[in-house]
Every structure is written in structure tokens, then in C-alpha cells.
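See structure below.
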Amino acid sequence: MNGNVILALAVFYPFAGGLVTLGVGRSVSGSGMDRERKIAGLAADFFAVTEFLLMAALFAGYAGSAGDGAVLNGHLADICGFGLSFTLDGFRLLYGLVMSLMWMMTTLLSRQYFTGHKNTTRFYTFMLLTLGAAMGVFLSADLYTTFIFFEIMSFTSYVWVAQEETGPALRAADTYLAVAVIGGLVMLMGIFGLWHELGTLEIGQLAQAAAVYENKEVLYGLGVCLLVGFGAKAGAFPLHIWLPKAHPVAPAPASALLSGVLTKTGIYGVLVVTSGLFLYDKTWGRLLLVIGALTMFGGALLAVFSIDLKRTLACSSMSQIGFILIGVGMQCMLGEENALAVHGTLLHMVNHSLIKLVLFMAAGVIYMNVHALDLNRIRGYGRRKPLLKGIFLVGALAISGIPFFGGYVSKTLLHESIVEYAGGWLMRGLEYLFLFSGGLTLAYMTKLFVAIFVEKNQDGELQKKYDGQKSCMNPESTFALAGSGAVLLIWGLFPHGLMDRAAELGQGLMGLEEFGHVVDYFSLSNLSGALISITIGVLVYVFVIRRLLMRENAYVNRWPAWLDLENLIYRPILLEFLPWVLGGCCHVLDVLTDRLVAILIPVGTVFARVFDSLADLSVVGLRKGVYRDSPLPKERQEGNMFTDALGSLMNLGQELANHTWRRGRPSAVDHRHTLAIRFARIRESSLLISRSLSFGLLMAGIGLCVTLVYILWM
């Protein structure tokens, strides 16, 4: 098969699977909710598993040669105007495999998770549609294709957040959609600007076009527009507001994908913009470092205060996105010697995806058995569940950067890239904040693990119920969770055999050709950074979480309720301030218009009368002088040939009637004159309409519609 067929299959096969799942689910909807859920779940399982097998086959077939560049290219012409372009290189192979693995595992877990739930067919349908859209984003070869699938993904994943249809779910879904739409519109502005200024949107040609473009200020402005759109999806500060609210209300399988994959589509866009437009640009790098630092520390701080399991994991995702953005910024700061930052960025993306797959699915297992997420309510649930405890521990240790787990390797590379730059006290401050945020990560993950798997619940009867539960997962869910945990564990145990090779495979997207030196991950200097973060984490857990964030042996959320960016800034601006400003502007314009009209009408009336009189005098003078009136021998006094002929025929009929059946009451109407008057009125009305603004706008609208129909048809 050629590239077009393979890449189109990888992208559009999940779309077809979603439609088939919808069809088979609806076909049995009348036979009971359990049967509908089972059939739709089996269909979704089939398509998710086969998509993973397809990506695994592509990885096995092309991974050996993908390090040198694109191995497949495809273009579907005459679609959406410009056509859709796809490509497959090392980075896309790697993330396509990771993404399809995550979709397969979460779909397998969903069948047990949605036991007793409504609208499961809808969830499975949009789960597969979002898989196709996310695959389209990662395989896109130009920013136009990226934007098309990026927006499709935003709308299909909206259904995930709103799935439960509760008040908090619908409000969070509104926030998610608002951020996605506004970010998408700003991104579209940047894409239009790039097309106008650079003449290309192909990702592989952006660097060459930007290198010869002289107006850097314009390029920075367009880059910021793209950063707003991609950063909103990534959950970067200050557009992170959807992330801590969407994850707790969305089903756990959706939360795993929102955190592990959809945020990475935003990071993918940031990587494309950075490597394509601002490669080695320190100004752009400083901007990303500031955003990354705020996102990293802010997310970790929110997670420390949170007492909701999924909200804590969501805030953790925000913090880890900050770590990744710091890596992208350091790629610019280090210039051509940026191998540490490139590898650290890529590996932390993969690590975070796999870690959140494990942690959110574990949270899903807890929720589907307890139907609660509050730490005080689920406290002690996992004390007698060794498999669940071990899997959660693997994810917790990995994200905390503990040696011999995957997160340690990627964080070490990112930390060393900061140290390597040696840029004065500002970079030293960034290093300290990096290590401190890593310590906060250990603190809040320790809080979760101790609360769920070590401590006992304050309600003794509830603890007995938890301890007496024999099984919390069916075989399918056990495979999904244990398999994901095993992948994460093995991935971290072989940093050189697996992680370094993956980093080398995907580095081409970020403009790195040479691998660089091999890092001794377990040297004393590298271990020292992890030990500093671990020490900070222990101190924060003991002296902050256990002493300040607990009361009477219960976890309390001491984060100020008013300190919510959405309710404090964004909603007031969008729902109160902007309407007030626009209303004020409209009122001012209305008053100005009234006054202007009041002045113009009298003045215009005087001028109109003067010009009307002058025109009449000119016409009379010309007719009496140069163009003297000379009546034509056959000139009609009124009407036209048609009214004259029809009127004469009607007069003849009238005469005939007056001499026959209407002799007692004859009629004497001049139909020629009557028709002539009606014709004059119709012509006058037509002239008024054709010269009006409304008629012109109507004709313009009709012309636009005809043009659009023609474009679509052609």
C-alpha cells in the first residue's frame, strides 16, 4: 500500500469505527441498557485494539529507518479546500504507538467502568472519533491539517467532559469548550498570518521560510497567536482553567486520555512552532520558560492543596506540562547544543502519558467501586488490594522522579539542560524552582498513596467493607491496568536500551540531528538533584500536609475559594465587563448617530431643495431652448405597447358585453388608462426597491451563496 492509503487508514479508521459503534449500539438500544453497553463496548474494543495493532505494525516496519526523516507521506486533495497532508516520521511513529496503546487500555477498562451508566454508546462513539482526530493532529504534515483535526478533537472530546450531564460536568464542559474555541480562533489568526507572510504552512518548510523572513516582530506576533491556541489545549498557564475542573467530572478513562494525550497535542503544536519558526531563538525561549515555570509551580501548588483524587491528578498534569514547556524553552536557549533539552522534553512527554494512563485508570477503579473521589471518603480503600496498590505505586514513584523509574530519567535530562546553560542568577532561580516543584510532586503523590493505601478510614464500618471486598476489577480491567503498569515499569528500568533509543527516534521533529553524548543517569551529580527534590518532598509532606492541611485527622482543602481565575477574572470579563463595555459603546454610537441625524436632516433638506430646484430649472431651460418639445406623431401619452394592446382588447370586450348581456348596466371604464396607471405604479416601486440598500444587500447575499455553492460543487 502507498503512503496515502496507510496514513488515511490510520487517521480515518477510528472515525469509521465510531460510526459503526454508534450504529450497532443504537440497533440494540431497545433491548436493555446492559445489552446496549455490552455491544457498543465490544465494538469499541475491536476498533481500539485493531488501531493499536496497525500502529504497532507501522512501528515495527518503519522504526529502523524513521530516524533519518519521513518514511511515508500522503496528501488527500480537494478536501477542505487546500487538501489534507500527512506524514510519518520517528516522532509520529513513537507517539502514534503510545497514543493507540492508551486508547486500547482505557477502552478495555471502560466496559466495567460504565456498568449501570447511561449513554455509553455515545461515549464509545466519541471516544473513537476523538482517537481519529488526535491521530490526525499528530500525523499532520502542515498546520492547516493540524488545525482541522485540532478543532474536530476539541468538539468530540467536549462530550467526554459533559458525559455525566450533572451541573458541575456541564459547567466544566462549557469552560473547556470556551477555552478550546477561543484558543482555536486565535490559532487560526496565526495560521492565516503565516500563510500570508511565509507563503507556506508545511511543517517541514517553516524553518527555511522563517530563516529568510526579516520582520521578526510580525513573526513573534503570529507565534504568540499559535501559542495561545496550542497552549490552551496543553493546559499552560494562564489558560489552564479547564484542566482542574474537567478531569474530576469526566469519566476516568476520558480523564486518562485528556491528561495523557490531548494535552500532548498542544505540546506537539508548541514544538512545531518552536522548531519551525524560532529554532535557537532566545527571546522565544525566555517566553516559554516563564510560562513553563508558572505552569509547573502553579499546578504543583494546587495539587498539594487538593483533597479530590482526580483533581489532584489533574493539577499534577498541569505541573508536568510546565516541566515539558521548560524543556522546550531550554531547546531555544542552548542553541545547537540542545540535545539534553530535546531528549528530556520528548521523554517526559512519553513518561507523563504512560504515568497518567496508570494513575487515572487506578482512580477509575477506585471510583467505580466507591463512587467517591474525596480523600476522606476513599481513605483506606486500597489497604487490602496489593495489585492495585502496586500499580498505583509504580505511577506515583515514576511521576515523583524516583531513581530507577521513567520520570527520573526525563527530569534528570531537563534539570541538566538548565545546569548546562549556566545563565546567571535567573537560571539558578529556575533550577531551584524546578527542584522545589519536583519536591511538591513527591509530597502530593505521597499524600494520595498514604491516604488510599496505608491509612484507615475514620468510619470503622466503611473500612471493614473496603477490606472485605474480594475483587475490585474484572479480568479485562485487570489486564488493562496491570498491562499499563508493566509497560511503565519496564520502560523506566531500561533507560539506555529503551528510553535513549526512543529519544533518538523522535528528535528529528525538534531539529536535532546528532544524538549527543550518552548520559550517566545514576552518577552522583545526577542523583543529587533527585535527592534534593526528595528531601523537599518529605519536608513538605511532614510539615505542611500533615500539620497545616489536616484537621482532626481529616484532610481539609485550605485553598481560598475566591482564588479561582475562571470565576475571579475570566467569567466576569466575558459575561459582565465585555457586555458592559460593548453596551456602553453601542449607547454612545446611538447618541452620536441621533445627534448626527438631527443635524444632517435639516441641512440635507435645504441642499436637496436647492439642487432639486436647480435641476428643474435646468431641465425646463433645456426643453424650452436647446431641446424644444416636438411631439412625435406616434408618441404615447401613457403606458406602453403591452398595456395599450391589452387595454384595447379589454375595451373591445367591454363594448361587446355592453351590447349583449350587460345592456341593462353597461360599463364605461377605459382599460387602457387603468392598465397604464398600474404599470406606472409598478415601475415606480421597482425603481425604489432596486435602488435601496436592503435590495443591494439581498442581492449580495444571494451572490455569495451562489459562489459558495459553486466552490463546494467544483
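The values are calculated or read from the model by the stated rules, or taken from the named source; none is laboratory data. In this text the structure is predicted, and so the values were computed from the model without any measurement. As a convention, Cβ positions derive from the backbone with ideal geometry for all residues, glycine included, and neighbour counts pool all protein chains shown. These area figures cover heavy atoms from the full protein model, side chains too; ligands, DNA and RNA do not enter into them. Shrake-Rupley method; radii C 1.70, N 1.55, O 1.52, S 1.80 Å.
Among 329-338, 121-130, 456-465, sorting by the average number of other beta carbon atoms lying within 10 angstrom of each residue, highest first, gives 121-130, 329-338, 456-465.
Once the piece of chain linking Arg286 and Cys80 is laid out straight, how much longer is it, given 0.36 nm per residue of separation minus the C-alpha distance between them?
Working: separation 206, 0.36 × 206 = 74.16 nm, distance 3.64 nm.
Between Arg286 and Cys80, full extension yields 70.5 nm more.
All alpha carbon pair distances within the stretch 11-122 were sorted into 5 Å bins beginning at 0; the resulting P(r) in whole percents reads 2, 12, 17, 17, 15, 13, 10, 8, 5, 1, 0.
Solvent-accessible surface of protein heavy atoms, probed at 1.4 angstrom with all chains present, puts His517, His348 in the order His517, His348, largest first. With a Förster radius of 41 Å applied to the beta-carbon distance between Glu513 and Ala60, the computed FRET efficiency rounds to 0.95. Taking Cα centroids, how far is the stretch 242-282 from the stretch 332-366 in Å? Distance between centres, Cα-based: 11 Å.
The calculated FRET efficiency for the pair Phe642 and Asp670, based on their C-beta separation and a Förster distance of 22 Å, comes to about 0.85. Counting Lys and Arg as +1 and Asp and Glu as -1 over every other residue whose Cβ lies under 12 Å from the Cβ of Glu420, the net charge comes to -3. Cross-link reach is defined here as a Cα-Cα straight distance under 25 Å, omitting same-chain residues fewer than 8 places apart; for Lys264 the lysines meeting it are Lys233, Lys245, Lys282, Lys310, Lys356, Lys411.
The alpha-carbon of Lys464 sits under 21 angstrom from the alpha-carbons of these lysines, leaving out residues fewer than 8 places away in its chain: Lys385, Lys389, Lys456.
Is the stretch 391-546 rounded, prolate or oblate when judged by the Cα gyration tensor, a ≥ b ≥ c being the square roots of its eigenvalues, rounded requiring a/c under 1.5 and prolate requiring a/b larger than b/c? Taking the square roots of the gyration eigenvalues as a ≥ b ≥ c, the stretch 391-546 is oblate. The accessible surface of the stretch 451-503, taken with every protein chain in place and a 1.4 Å probe, is 64 percent carbon and sulfur.
Straightening the chain between Lys456 and Lys38 buys 146.9 nm, computed as 0.36 nm per residue apart minus the Cα-Cα spacing. Most tightly packed first, judged by the mean number of other beta-carbon atoms within 10 Å of their residues, the peptides 663-669, 273-279 read 273-279, 663-669.
With each label modelled as a point 7 angstrom along the Cα→C-beta vector, the Arg122-Leu527 pair spans 5.5 nm.
Taking a sphere under 14 Å around the Cβ of His75 and counting the other residues whose Cβ falls inside, with K and R at +1 and D and E at -1, yields a net charge of -3. For the stretch 439-486, the per residue solvent-accessible surface stands at 42 Å², with DNA, RNA and ligands left out and a 1.4 Å probe. For the stretch 379-454, averaging the sequence separation of C-alpha pairs within contact (under 8 Å, six or more residues apart) and dividing by the residue count gives a relative contact order of 46 percent.
A simple spin-label model places the labels of Val20 and Thr660 7.8 nm from each other, with each point 7 Å out along Cα-to-Cβ.
Computed with every protein chain present, the accessible area of Ser648 is close to 50 Å² [probe 1.4 Å]. Per-peptide packing, taken as the mean over residues of other Cβ atoms within 10 Å, places 312-323, 525-536, 372-383, 295-306 in the sequence 312-323, 295-306, 372-383, 525-536 from highest down.
Rounded to the nearest 0.05, the FRET efficiency derived from the C-beta distance between Asn4 and Tyr213 at R0 = 35 Å is 0.65. Projecting label points 7 angstrom from Cα along Cα→Cβ for Phe46 and Ile182 puts them 4.3 nm apart.
In terms of its C-alpha gyration tensor, the stretch 120-189 has an oblate overall shape, because the principal axis ratio a/c (a ≥ b ≥ c, square roots of the eigenvalues) is not below 1.5 and a/b does not outweigh b/c. Once you order the gyration tensor axes a ≥ b ≥ c over the Cα atoms, which shape class does the stretch 276-426 get: rounded for a/c under 1.5, otherwise prolate or oblate by comparing a/b with b/c? Prolate shape, in that a/c is at least 1.5 and a/b is the bigger ratio.
So, for the stretch 258-323, what is the accessible surface per residue at a probe of 1.4 Å, expressed in square angstrom?
The answer is 18 Å² per residue.
What's the local net charge at Arg547, with K and R +1, D and E -1, over the other residues with C-beta under 15 Å away? Net charge around Arg547: +3.
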